[in-house]
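The values are calculated or read from the model by the stated rules, or taken from the named source; none is laboratory data. Given the structure is predicted, the values throughout are model-derived calculations rather than measurements. Note that we place each Cβ from the backbone using ideal geometry, even for glycine, and neighbour counts take in every protein chain shown.
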Amino acid sequence: MRYSLGVLCVLFFGSASAEQFLVRADRGHQCIGDVFMLSDVSEMVYLERKCELQVSRAAEKHAYVSRSGSSEVRGCWLRLSDGNYSVMEEAGGQQLLNALAYARAETTSPSAAKIISTPLQEPDCPSP
């Protein structure tokens, strides 16, 4: 009985920890079902993680992270009326992201994720 309860706890808490985010659709993480290491992507647009920066209207925004080598830039984003994303970086920079360039992913472990949807069907992807 103790073993069964332990397995149920692992299954329940393991599934609750999956996090969804957007990642630039690129080789290795562009097709539905592609599995990739989180360290292989340079930016993540989190769909559920709240903005942690002290910025205007932070409660309406979500977290954004961009990595280059060993440096990391944090920011917050919000969806614009045209469907694209506006990112405000912690240092004050701002950028616009084209929604059609990003695929939706979900973490499968603390270090890996899988593509679960894409905005466009890439020619090199098998049909879902």
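Give the residue that is modelled with the highest pLDDT, with candidates limited to residues of region 29-68 that are β-branched (Val, Ile, Thr) and in contact with a Cys (Cβ under 9 Å, 6 or more places away or on another chain). Looking at residues that are β-branched (Val, Ile, Thr) and in contact with a Cys (Cβ under 9 Å, 6 or more places away or on another chain), I get Ile32. Would you mind stating whether Gly33 is touching a residue at least 60 places away in the same chain (Cβ under 8 Å) and either assigned to a strand (DSSP E or B) or exposed (fewer than 13 other Cβ atoms within 10 Å of the Cβ) (or both)? Taking the combined requirement at face value, the residue satisfies it.
Condition check: under 14 Å from the mean Cα position of the chain (by Cα), among the aromatic types (Phe, Trp, Tyr) and over 15 Å from Gln20 (Cα atoms). Does Tyr102 satisfy that? Please lay out each step first, then the result.
On the way: under 14 Å from the mean Cα position of the chain (by Cα): yes; among the aromatic types (Phe, Trp, Tyr): yes; over 15 Å from Gln20 (Cα atoms): no.
Taking the combined requirement at face value, the residue does not satisfy it.
Where residues in region 16-28 are touching a strand residue (DSSP E or B) at 6+ places or on another chain (Cβ under 7 Å) and charged (D, E, K, R), which of them is modelled with the highest pLDDT?
Ranking the qualifying residues of region 16-28, first place goes to Glu19.
Here's the yes/no breakdown for (1) under 25 Å from Pro126 (Cα atoms); (2) charged (D, E, K, R):
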{"residue": "Ile32", "(1), (2)": "yes, no"}
{"residue": "Met44", "(1), (2)": "yes, no"}
{"residue": "Arg49", "(1), (2)": "no, yes"}
{"residue": "Val55", "(1), (2)": "no, no"}
{"residue": "Leu96", "(1), (2)": "no, no"}
{"residue": "Glu106", "(1), (2)": "yes, yes"}
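The single condition among (1) of a type in the set (Phe, Trp, Tyr); (2) more than 23 Å from Ser17 (Cα to Cα); (3) without any contact (Cβ under 8 Å) to a residue 40 or more places away in the chain that Tyr85 does not satisfy is (3).
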